[in-house]
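The values are calculated or read from the model by the stated rules, or taken from the named source; none is laboratory data. Only a predicted model underlies this, so the values are computations on that prediction, with no experimental measurement involved. When we count neighbours, we look across all protein chains shown, and the Cβ atoms used for this are built from the backbone with ideal geometry, even at glycine.
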Amino acid sequence: MIDQRVHTGSPWEKQVAYCRARRVDDLVFVAGTTASGPSGEVLGEGDVFRQAEIALERIARALAECGASLADVVRTRTFLTDISRFDEFARAHRAAFEGIDPVATCVEVSALVSPGLLVEIEVDAVVRARQAGAAELESATTAPTPPLPVHVDGRDRAEAARFAPEHPEPPRAPMSTHEPSP
């Protein structure tokens, strides 16, 4: 099983205890990404289009570290602080995803983590076998994927397991199949 985390050094990663991206087998999840610099400063101040471009560039780098690309993205979620500026964001999204056409959601929020940030984007991706040839495709779909090196904030998998809950989550009750009476 592949379980890989990508950290970028964002000041919020340590504060909140999260990673920029995580790959679990063929699925890649990229956390909400903004146009912030290494120390949290806002890049592209006041410009929704530029902030969306910067966020998408950062997302592309995180995906690449997980062996994926923007072409593998199946879902985007975008948070805008001013929905009346949707067209500015949409131009950047279209430039990145035209022809890929992931399912997409865009909502307005009252604020993001830092004043001046106007847009935040998160994506989900599925890493697919590249269409290089029938034999390679067959091999990619039947051969086991070798595990990637895994470390959690500098700890290996065995050490990280020490922090797992001692008791597994109890089984959940089955959902009722009872239909309401008319």
Count - residues of segment 71-111 that are in contact (Cβ under 8 Å) with a residue 40 or more places away in the chain and in contact with a strand residue (DSSP E or B) (Cβ under 9 Å, 6 or more places away or on another chain): 13
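Yes or no, residue by residue, for (1) among the hydroxyl-bearing types (Ser, Thr, Tyr); (2) under 18 Å from the mean Cα position of the chain (by Cα); (3) at pLDDT below 95:
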{"site": "HIS7", "(1), (2), (3)": "no, yes, yes"}
{"site": "LEU43", "(1), (2), (3)": "no, no, no"}
{"site": "GLY46", "(1), (2), (3)": "no, no, no"}
{"site": "LEU63", "(1), (2), (3)": "no, yes, no"}
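Let me confirm something: among ILE83, ILE100, which residue is at pLDDT 95 or above and either closer than 24 Å to ARG22 by Cα or buried (at least 20 other Cβ atoms within 10 Å of the Cβ) (or both)? Spell out the reasoning first.
Values: ILE83 fails: either closer than 24 Å to ARG22 by Cα or buried (at least 20 other Cβ atoms within 10 Å of the Cβ) (or both).
When all the criteria are applied, what remains is ILE100.
Scanning for something closer than 22 Å to GLY116 by Cα and in contact with a Gly (Cβ under 6 Å, 6 or more places away or on another chain), does segment 30-39 turn up at least one residue?
Within segment 30-39 (the criterion being closer than 22 Å to GLY116 by Cα and in contact with a Gly (Cβ under 6 Å, 6 or more places away or on another chain)), the answer is yes, since at least one residue qualifies.
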Scan of segment 1-22 for residues that are closer than 15 Å to ARG58 by Cα and of a type in the set (A, V, I, L, M), ordered by number: VAL6, ALA21
